[in-house]
There are 2 protein chains.
Amino acid sequence: MIENVAGITPDGKGGLERFEALLIGEDGRIREVYHKGEKPPERVAYKLDGKGRVLVPGMIDAHVHVMGTGFARMTLDLSGTKSLDEALARIAAYAAAHPDVPWLLGGGWNQVDWGLGRMPTAAELDQATGGRPAWLTRVDGHAGWANSAALAAAGISAATADPAGGQIVRRDGGKAPAGVLVDGAVPLVAGKVPPPRASDLDTAFAEAQLVFLKNGVTAVADMGTTIEAWQAFRRAADLGNLRVRIVSYAAGVDDMALIGGPGPSPWLYDDRLKLAGVKLYLDGALGSSGAWLKSSYADAPGTTGLPTMSDTKLGNLMSRAAIDRFQVAVHAIGDKANAAVLSAIDELSHTYTGDRRWRIEHAQIVDPADIARFGQHGVIASMQPQHEASDRIMAEARLGPDRLAGAYAWKSLAASGTTLAFGSDTPVEPPAPFVGLAVAISRQGADGQPAGGWQPQERLTLPQALAAYTTGAAYAMFAEDRLGRLARGMRADFLFVDRDPTTATPETLRQTRVLETWINGQKAWDASKDAAKDEAKSAGR
Amino acid sequence: MIENVAGITPDGKGGLERFEALLIGEDGRIREVYHKGEKPPERVAYKLDGKGRVLVPGMIDAHVHVMGTGFARMTLDLSGTKSLDEALARIAAYAAAHPDVPWLLGGGWNQVDWGLGRMPTAAELDQATGGRPAWLTRVDGHAGWANSAALAAAGISAATADPAGGQIVRRDGGKAPAGVLVDGAVPLVAGKVPPPRASDLDTAFAEAQLVFLKNGVTAVADMGTTIEAWQAFRRAADLGNLRVRIVSYAAGVDDMALIGGPGPSPWLYDDRLKLAGVKLYLDGALGSSGAWLKSSYADAPGTTGLPTMSDTKLGNLMSRAAIDRFQVAVHAIGDKANAAVLSAIDELSHTYTGDRRWRIEHAQIVDPADIARFGQHGVIASMQPQHEASDRIMAEARLGPDRLAGAYAWKSLAASGTTLAFGSDTPVEPPAPFVGLAVAISRQGADGQPAGGWQPQERLTLPQALAAYTTGAAYAMFAEDRLGRLARGMRADFLFVDRDPTTATPETLRQTRVLETWINGQKAWDASKDAAKDEAKSAGR
């Protein structure tokens, strides 16, 4: 029994419900919720005094990269760098501190934040790395920056043609590779990077779980689970170390079949792990101009971005998954990509009937004419509020002023009847749901800009936004019967937080501190204990 | 409580012990064993009257191919064919009965049994198959027979050179491929066969488990577990359908690291699944003249067979496994291969100290001068008695009369201090431990030949042979603390059989019928019920 709490939960009908105590069974499920005036039983196996603190459901991050999140903590982190020089200084310091690492790996850079007006070059990177190969992925994961040694290791020269769906950025006025590779060209170098050791995978997974727990994330949808990652999840689970719930979308149909076999896995380890379906990609990202648009980029006339595959191939892959009842989640950023996925769903829905919950991941730039199509087949819009705040200036540059009505169009999509599932895309953005909630209700960044919010007509109410991080995200992973709200029979996943989100302003909501994270009725993280331990650990690395 | 039984179990000290009742806990472990004159408690949760039947430990098959065993039941089975014509007739019948199968697959043929004096040809196979590709593996799995369509699909022509460690058998007096591919050449065609669907894997695994249960095999060492097979095992286990205990030796170091990560897995699913280590191959088989001999084949002067890799590579692979405490099992058939593995172990034992239990799989032909080396580092001889009976005439032809002293030399190896672990190599031989026991004590085949036994000085006593199928096989998989004999604290895996093996003759021992197979204190198979069901199922296929 957890009593004396200021409990808040989505009621599953679009509103919020308040309660004062939770009775939790030994199986980790909620046996009863006690509201104001309802007297909890005196005799229970144990009691915990919540001391009046605010208790909310565990947050569900509907779009993460679990292993990427862990590896981002183990490799060079260029996020937040404000100039190329700052980035190069950080790279040089990392290289000096890690003389035994065969490849210098990392990511998080964004040339837009550097005000560079172009992509960085291999020659610039060479200054910081010397002759050791280096490979640094862009913040969105859709491009990578190689130094000369890495280009050489991959055999990329002026004679190398752009691979399908990809681009080798060339030096001014020539054919020589400049250093950055986009989308379909990324594997040319990424494929040469030595694979991580199994123990690295396990360490990365442990790091990722810690990040989620600290941020109050109790369940995630892992977008692009490889067999290697799946094995790491199971290894942890077999030793009792799987804490955060993971619903996996396999990295393509081969890993889907390898992991799931003839269909989705059952829920494993007390509902902590499940393979639900497959993650497919139809286009790239807006920042690297890889998103597939209906008409030209405003800042690159004549260029519309690239699909990663034909409509036929997309349909075939979706079909291969759907025939075995795997759930399909397709990455689509540009308006053309979104339209193409919607058309594919339209087509496939005739054959694959029933409750399919097709997911579009990001649904970032949607032609307003297509918004209504989301509601038609119960398509789920899996979106990331933090992207709006981080990318709005870049988006304006890429799209121009006339295509912003369907950009990060949360309210319009919700109005079309789609279910919103919110996430972070970590490691692209930190898995910080209270930051996401603040953005979702304000369309403003940490700096409060722009005043009044960007395209403010797309703001959500707090109950709407909270639902997208809880009941909506649970529904999107076929878990609404066990996760997403605090009610009888549901898993007891909840947080103690330091403020009431329903009365917070966007500024204060963003600063919400998670005090304790509970999963399955067990305390999985405690800020007062783990913060000190975590700092000590970080200092020792 | 299982009472009123004629219980027999190895006592763990080389002898046998008799008992009358077993008390089994709810956890599937034996709580107490009651011997003659010891009175079991009256009040127990349940009682089963054994009706005086003979009860022995579940048999452990120390060398199986689980998925191969299942697939052998789903594909064309040529075992037992006595002539090429008989085989071709069976192939033609299978092809006619399966018009929708894209590739005709199967195995179990042995050209020695056909009295052919040569390998069969693609042209002969074409007569039975028509233009559909066909690929039929030899009984030992070390060679395959392709038809013209399969050779064409693999692009094999007169211009194709023999790959490393392999041979493309050529047509008389020419370079054109004849049809059979040996060892390192096998993947040329095998790699073109469409992979099985996940549902086929699950069906094959279910078939394999049934075969084991019917034969009284309660635990197996799977030699060469792929990630696909491991996933099938886990899928079954996650649904509660894993019944037989499997200890896996991964199919090479890549699958080892993928499955196990930084080390062997823990025991999973109530001790029903574990990844222990890796299976490596150093040579081929004697039948296909792929075994690596110290001096020439008697029937092929100038030919000594082939190692699949250099000593350096073998050492490197063994080292890569041992450094992470994976157990190493190396296939070695020929005397040269056995000597090379023993030398590698000798070398590595300086670095990788402690209880390693290096395994040599088959140890079929050992130079008598090397036998003593097995005892030196606690090397385990994982051998298959049935091979001796099936292959003795072929072995005489390959080796000549002067190299038989170290062939299937069970007694000599045991005397050297090695632990014997016996198995079947199913699907090469049926997983029939009572047949194996009969051969082990008689060195005779089902026909009672040769009179007095072949190289009879290598016969074992029944307690020795039984130990090799129970305590020895358990020790070989690091499971002697839970499997292999019936004693307090051990898993309650046992069989009811229709006769007392200690008083049976080789002829009657071979005919032992398994009445019931129990695993973890639960009945997993019952001849009186499942035989009828099984027949009905087979008839319907």
Would you kindly identify the helices (runs of 4 or more DSSP H) lying entirely within the range A:432-541 that contain at least 3 residues that are at pLDDT below 95 and acidic (Asp, Glu)? A:527-540
Restricting attention to the range B:290-304, which residues are buried (at least 23 other Cβ atoms within 10 Å of the Cβ) and at pLDDT below 95? B:290
For a quick check of your reading of the model, give me the residue pairs whose first member lies in the range A:197-223 and is within 14 Å of another protein chain (Cβ to nearest Cβ), whose second is not in a helix (DSSP H, G or I), with beta-carbon atoms closer than 7 Å and at least 6 apart or on different chains. A:198/B:261; A:198/B:262; A:199/B:262; A:201/B:261; A:202/B:261; A:202/B:262
If a residue has to be more than 30 Å from residue B:220 (Cα to Cα), modelled with pLDDT under 95 and either among the charged types (D, E, K, R) or within 21 Å of the chain's Cα centre (by Cα) (or both) to count, how many in the range B:65-108 make the cut? 1
Cβ pairs under 7 Å, 6+ apart, first in the range B:284-303 and more than 21 Å from residue B:139 (Cβ to Cβ), second of a type in the set (S, T, N, Q): B:295/B:304; B:296/B:303; B:296/B:304; B:302/B:296
Return yes when residue A:103 is in contact (Cβ under 8 Å) with a residue 40 or more places away in the chain, surrounded by 16 or more Cβ atoms within 10 Å (Cβ to Cβ) and not acidic (Asp, Glu) and no when it is not. yes
Give me a count of the residues in the range B:180-196 that are farther than 17 Å from residue B:103 by Cα and within 14 Å of another protein chain (Cβ to nearest Cβ). 0
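Would you call residue A:115 under 25 Å from the mean Cα position of the chain (by Cα) and in contact (Cβ under 8 Å) with a residue 12 or more places away in the chain? Even if it seems obvious, please write down each step before you answer.
Values: under 25 Å from the mean Cα position of the chain (by Cα): no; in contact (Cβ under 8 Å) with a residue 12 or more places away in the chain: yes.
No: the conditions fail for residue A:115.
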All conditions in (1) farther than 24 Å from residue B:183 by Cα; (2) in contact with a Ser or Thr (Cβ under 9 Å, 6 or more places away or on another chain) are true of residue B:96 except (2)
Considering residues that are of a type in the set (D, E, K, R) and either under 17 Å from residue B:484 (Cα atoms) or in contact with a Cys (Cβ under 9 Å, 6 or more places away or on another chain) (or both), the number found within the range B:28-57 is 3
Verdict on residue B:328 being modelled with pLDDT of 95 or more, closer than 29 Å to residue B:367 by Cα and within 14 Å of chain A (Cβ to nearest Cβ): no
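Of these, A:255, A:270, which one is among the acidic types (Asp, Glu) and either within 19 Å of residue A:74 (Cα to Cα) or buried (at least 20 other Cβ atoms within 10 Å of the Cβ) (or both)? Steps first, answer last, please.
On the way: A:270 fails: either within 19 Å of residue A:74 (Cα to Cα) or buried (at least 20 other Cβ atoms within 10 Å of the Cβ) (or both).
Answer to the selection: A:255.
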Answer yes if at least one residue in the range A:140-149 is modelled with pLDDT of 95 or more and surrounded by fewer than 21 Cβ atoms within 10 Å (Cβ to Cβ), and no otherwise. yes
Consider residue B:155 carefully, then state whether it is more than 25 Å from residue B:433 (Cβ to Cβ), away from every other protein chain (no Cβ under 14 Å) and at pLDDT below 95. no
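Out of the range A:247-303, which residues are under 28 Å from residue A:181 (Cβ atoms) and within 14 Å of chain B (Cβ to nearest Cβ)?
Restricting attention to the range A:247-303, the residues satisfying the condition of being under 28 Å from residue A:181 (Cβ atoms) are A:248-256, A:258, A:278-303.
Once the filter is applied, which keeps residues that are under 28 Å from residue A:181 (Cβ atoms) and within 14 Å of chain B (Cβ to nearest Cβ), the range A:247-303 yields A:248, A:250, A:253, A:254, A:255, A:256, A:258, A:278.
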Residue A:237, sole failed condition from (1) touching a strand residue (DSSP E or B) at 6+ places or on another chain (Cβ under 9 Å); (2) within 12 Å of chain B (Cβ to nearest Cβ); (3) within 23 Å of residue A:330 (Cα to Cα): (3)
Of the residues that sit in the range A:333-360 and are closer than 19 Å to residue A:61 by Cβ and in contact with a Leu (Cβ under 9 Å, 6 or more places away or on another chain), which one is surrounded by the most Cβ atoms within 10 Å (Cβ to Cβ)? A:333
Could you count how many residues in the range A:239-275 are closer than 16 Å to residue A:320 by Cα and either outside the structural domain of residue A:476 (by TED's automatic domain parsing) or of a type in the set (Phe, Trp, Tyr) (or both)? 1
Among A:340, A:369, which is the only one that is part of a helix (DSSP H, G or I) and over 20 Å from residue A:281 (Cβ atoms)? A:369
Taking the range A:493-511, which residues are under 29 Å from residue A:360 (Cα atoms), crowded, with 23+ Cβ neighbours inside 10 Å and not charged (D, E, K, R)? A:494, A:495, A:509
Looking only at the range B:155-177, decide whether some residue is within 29 Å of the chain's Cα centre (by Cα), within 27 Å of residue B:100 (Cα to Cα) and either free of Cβ contacts under 8 Å to residues at least 12 places away in the same chain or surrounded by 15 or more Cβ atoms within 10 Å (Cβ to Cβ) (or both). no
Verdict on residue B:279 being closer than 23 Å to residue B:346 by Cα, crowded, with 17+ Cβ neighbours inside 10 Å and of a type in the set (Lys, Arg): yes
Residue set A:356, A:320; condition within 24 Å of the chain's Cα centre (by Cα) and more than 22 Å from residue A:183 (Cβ to Cβ); output residue A:356
Which of the numbered conditions does residue A:220 fail, given that it passes all the others? Conditions: (1) β-branched (Val, Ile, Thr); (2) buried (at least 21 other Cβ atoms within 10 Å of the Cβ); (3) out of contact with any helix residue (DSSP H, G or I) (no Cβ under 7 Å at 6 or more places or on another chain). (3)
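Residue under question is residue B:199, and the condition is that it be surrounded by fewer than 17 Cβ atoms within 10 Å (Cβ to Cβ) and closer than 27 Å to residue B:61 by Cα; does it hold?
yes
The values are calculated or read from the model by the stated rules, or taken from the named source; none is laboratory data. Please read all numbers here as calculations on a predicted model, not as lab measurements. Cβ atoms come from the backbone with ideal geometry, glycine included; neighbour counts cover every protein chain shown.
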